[in-house]
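The values are calculated or read from the model by the stated rules, or taken from the named source; none is laboratory data. No experiment lies behind these values; they were computed from the predicted model shown. Cβ coordinates were reconstructed from backbone atoms using ideal geometry, including for glycine residues, and neighbour counts include every protein chain displayed.
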Amino acid sequence: MTVSRRRVLAGAAALPVAASVLGAQQAQAAPAKGFRVGVGLSDVTGPAAENGMMGYSMPQQQTAGIHLRTRARAFVVDDGAKRIAFVTADLGALFQSVHQGVLRKLQAAYGDLYTEQNVLLNATHTHSACGGDSHYAAYDLAILGFQQQVYDAHVDGIVEAIGRAHADLAPGSIRLGRAELTKASVNRSRKAFDLNPQADKDHFPQAIDPAVTVLRFSRNGVDVGAISWFATHGTSMSNGNHLISGDNKGYAAYEWEHDHAGVRYLDGNPRFVAAFPQTNTGDMSPNLNLEPGTPETEFENTRTIGDLQFRAAKSAFDAAAEAVTGGVDHRMCYVDMSDVAVDAKYTPNGRPQRTCTAAIGVSMLAGSREDGPGLPLPEGVKNPFIDWLGGIDAPIPQALADAHAPKVIAVPFGAMKPYPWTPEVLPLQLVRIGQLHLVAVPAELTIVAGLRLRRTVAAELGVPLENVLIQGYANAYSQYVTTPEEYDSQQYEGASTLYGRYTLPAYQQEFAKLAAAMKAGTSVPHGPTPRDLRGKLINFQPGVVFDSPPAFKSFGDVLTDAKSTYARGEQVAVEFVTGHPKNDLRRGGTFLEIQRLVDGKWVRHADDGDWDTKYHWARTFVAESKAVVHWKIPANAPIGKYRVVHFGNWKNGWNGAISAFSGTSRTFVVS
């Protein structure tokens, strides 16, 4: 086994799919009246302090403020006979727990209008969003357990976004555009990629997937939204970052919505929504020099890679001339991916094979040199959540070891007791929007794995390959999927392929069934019901006991004030006495405002969802804390008078009451 790109770390085990009777007839073309389309956006930002981040599995990477709020962007498309709801959220992963929670709330609000069949949820895979919302322990280890606040923020925000898109439905049109982008990704696992057959490698001459695919949504000649698929990891921000951020895809959406469409996020449902979902991103890194970002480079890299995606998407959007026609359709089923008998037609050696109980390999326990090295844990460091779960030293039967070979098993996630640490029963979904087909996979596929799955589905449907896209990180999360050849090298991605060497062939087989059913207009069996693990995990992350201001100070008091004047390009920094952000997440709101004096009234100029602001939180003594608001004054900021306002909440230690407060800086002039 080769682990040349990874460093194995001792003790790093702490790191880490409704009824089947829908639509028995073939999907019909869209009625003459065309589509109805709706767009919606909501906030899914979790606790801005002392909450583990999801992605790098670094226990010490806890939130300590906000740089760019994370959001859910929803699109509802109705052809008069069927509809689909598509949501991209700025999250590290879209866990099955969140999928289940969203569906329960949609059922309560809309009955059978939105179900597991026609709702597609996915994540951008930012590594700087809050974690702890999975019901499977492997993804809560570094967060020290299940975080109810995070779960509620994610579920409620996604449901709100869908609700707003539902309320926004009106007659409209969709067009399809394409472009290529070759400067926003690099293959971080070239050694594994090179093991693939030449015909596969020839499809990606630069060892990256440069395809940019865009849907342009319009109503009465006015553009209302865009979905732009492109493959690159959400790791421009490093594992040393502690500010919540949507990373490069979050910035791409912000740049389009805010800078070019004039969206103000606190002013209701925006008139334009831009989503940047992932495709087959497993081996695609945004760190072009194959080194993780640093505090000096990560924000600029986030902006650069995000801007490149925005510009490529806007180019495809502006040139989009192909009308999307033919209506919408969907097929979905659940499959136990740990026990799939794979037909010989899908395996590399032409023999029947089988997937196996989930396990991670030794190579996964190391950090990625390209996107963020792992944590060298010293001996004796213990994770109370792991102890509560019963430890990590579960026996590895020889049969399981053989089934995963050449992977050297580190932790048999699927064999842990009393519940597996990763899901076995997963949602597989195929969604059609006109001629475009989305293969919604609950994992992150390498580009060649994605290519093979796309080829399988395209052949079954009888459509061009370019009209089939992998929609990764969809409806659940089960780590990586490599080709069998890539698996053999046991790089990070192969070691993270949970169900063994034949995981990809199993997906090819099962999605071929969905594609055949969609083409024939027939239903598919529902499959096994996934576990409902509500209430099975606990939280070891300390909560807020109480807040206290320093002696002779009150909440909202200014500790360090602004200067009296600033030039454009300078940075304003103001410190306030504050309470813990967990007292009120201010989801849909803000912890700060940069206010400008206009016609004698103070109006909001920027808030904590803007790129040029940073909200830092720090504990200063026991229950005392401070908020530091930074504003990098843009070069185009209007000349005039400004002030900084901080909004917070404090918790009373005697009765637990939570009270709001605010603080205001002196007025300063920008010239």
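Key figures
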{"quantity": "Odd one out for Val98 among (1) under 13 Å from the mean Cα position of the chain (by Cα); (2) of a type outside the set (Ser, Thr, Tyr); (3) not in a helix (DSSP H, G or I)", "calculated": "(3)"}
{"quantity": "Of all residues making up the stretch 201-240, the number that are part of a strand (DSSP E or B) and over 24 Å from His258 (Cβ atoms)", "calculated": "1"}
{"quantity": "Tally, over the stretch 158-195, of residues that are within 23 Å of the chain's Cα centre (by Cα), surrounded by fewer than 16 Cβ atoms within 10 Å (Cβ to Cβ) and assigned to a loop (DSSP other than H, G, I, E, B)", "calculated": "2"}
{"quantity": "Lone unmet requirement of (1) at pLDDT 95 or above; (2) touching a Gly at 6+ places or on another chain (Cβ under 9 Å); (3) assigned to a loop (DSSP other than H, G, I, E, B) for Thr294", "calculated": "(1)"}
{"quantity": "Selection within the stretch 145-157 - crowded, with 24+ Cβ neighbours inside 10 Å and either in a loop (DSSP other than H, G, I, E, B) or out of contact with any Lys or Arg (no Cβ under 8 Å at 6 or more places or on another chain) (or both)", "calculated": "Phe146, Gln147, Val150, His154"}
{"quantity": "Among the residues listed as Ala358, Ala341, Ala323, the single one being surrounded by fewer than 20 Cβ atoms within 10 Å (Cβ to Cβ), touching a Ser or Thr at 6+ places or on another chain (Cβ under 9 Å) and not assigned by TED's automatic domain parsing to the domain that holds Ser285", "calculated": "Ala341"}
{"quantity": "Residue among Val628, Val598, Val603, Val574 that alone is among the aliphatic types (A, V, I, L, M) and under 29 Å from the mean Cα position of the chain (by Cα)", "calculated": "Val628"}
{"quantity": "Flag for Thr302 being among the polar types (S, T, N, Q), buried (at least 18 other Cβ atoms within 10 Å of the Cβ) and touching a Leu at 6+ places or on another chain (Cβ under 7 Å)", "calculated": "no"}
{"quantity": "One residue from Val431, Val463, Val457 being assigned to a loop (DSSP other than H, G, I, E, B) and in the same structural domain as Gly494 (by TED's automatic domain parsing)", "calculated": "Val463"}
{"quantity": "Total residues in the stretch 559-596, condition touching an Asp or Glu at 6+ places or on another chain (Cβ under 7 Å), β-branched (Val, Ile, Thr) and surrounded by 14 or more Cβ atoms within 10 Å (Cβ to Cβ)", "calculated": "3"}
{"quantity": "Thr483 being within 21 Å of the chain's Cα centre (by Cα), under 23 Å from Asp402 (Cβ atoms), of a type outside the set (A, V, I, L, M) and crowded, with 23+ Cβ neighbours inside 10 Å", "calculated": "no"}
{"quantity": "Residue check, Thr115 assigned to a strand (DSSP E or B) and either farther than 24 Å from Met284 by Cβ or not basic (Lys, Arg) (or both)", "calculated": "no"}
{"quantity": "In the stretch 258-272, the residues that are buried (at least 18 other Cβ atoms within 10 Å of the Cβ) and closer than 15 Å to Glu593 by Cβ", "calculated": "Tyr265"}
{"quantity": "Residues (farther than 30 Å from Asp79 by Cα, out of contact with any Phe, Trp or Tyr (no Cβ under 7 Å at 6 or more places or on another chain) and not aromatic (Phe, Trp, Tyr)) located in the stretch 149-183", "calculated": "Gln149, Val150, Asp152, Ala153, Thr182, Lys183"}
{"quantity": "Selected residue (criterion: surrounded by the most Cβ atoms within 10 Å (Cβ to Cβ)) from residues of the stretch 80-135 that are β-branched (Val, Ile, Thr) and under 18 Å from Val439 (Cβ atoms)", "calculated": "Thr88"}
{"quantity": "The lone exception for Ala192 - which of (1) within 28 Å of Asp608 (Cβ to Cβ); (2) out of contact with any Leu (no Cβ under 9 Å at 6 or more places or on another chain) it fails", "calculated": "(1)"}
{"quantity": "Qualifying residue in the stretch 495-516 (condition: among the aromatic types (Phe, Trp, Tyr), under 22 Å from Arg432 (Cα atoms) and under 22 Å from the mean Cα position of the chain (by Cα))", "calculated": "yes"}
{"quantity": "Conditions (1) surrounded by fewer than 24 Cβ atoms within 10 Å (Cβ to Cβ); (2) within 28 Å of the chain's Cα centre (by Cα); (3) at pLDDT below 95: number failed by Arg454", "calculated": "(3)"}
{"quantity": "Matching residues in the stretch 42-84 - criterion: being among the polar types (S, T, N, Q) and at positive phi", "calculated": "Ser57"}
{"quantity": "Selection status of Asp209, among the acidic types (Asp, Glu) and more than 30 Å from Ala618 (Cβ to Cβ)", "calculated": "yes"}
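One line per residue, one yes/no per condition, for (1) under 24 Å from Leu592 (Cβ atoms); (2) surrounded by 24 or more Cβ atoms within 10 Å (Cβ to Cβ):
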position: Lys201; (1), (2): no, no
position: Asp209; (1), (2): no, yes
position: Arg219; (1), (2): no, no
position: Met237; (1), (2): yes, yes
position: Asn241; (1), (2): yes, yes
position: Ile244; (1), (2): yes, yes
position: Lys249; (1), (2): yes, yes
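Here is a yes/no grid of residues against (1) assigned to a loop (DSSP other than H, G, I, E, B); (2) out of contact with any Lys or Arg (no Cβ under 7 Å at 6 or more places or on another chain):
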| residue | (1), (2) |
| --- | --- |
| Lys513 | no, yes |
| Met518 | no, no |
| Pro528 | yes, yes |
| Asp532 | yes, yes |
| Pro542 | yes, yes |
| Asp547 | yes, no |
| Pro550 | yes, yes |
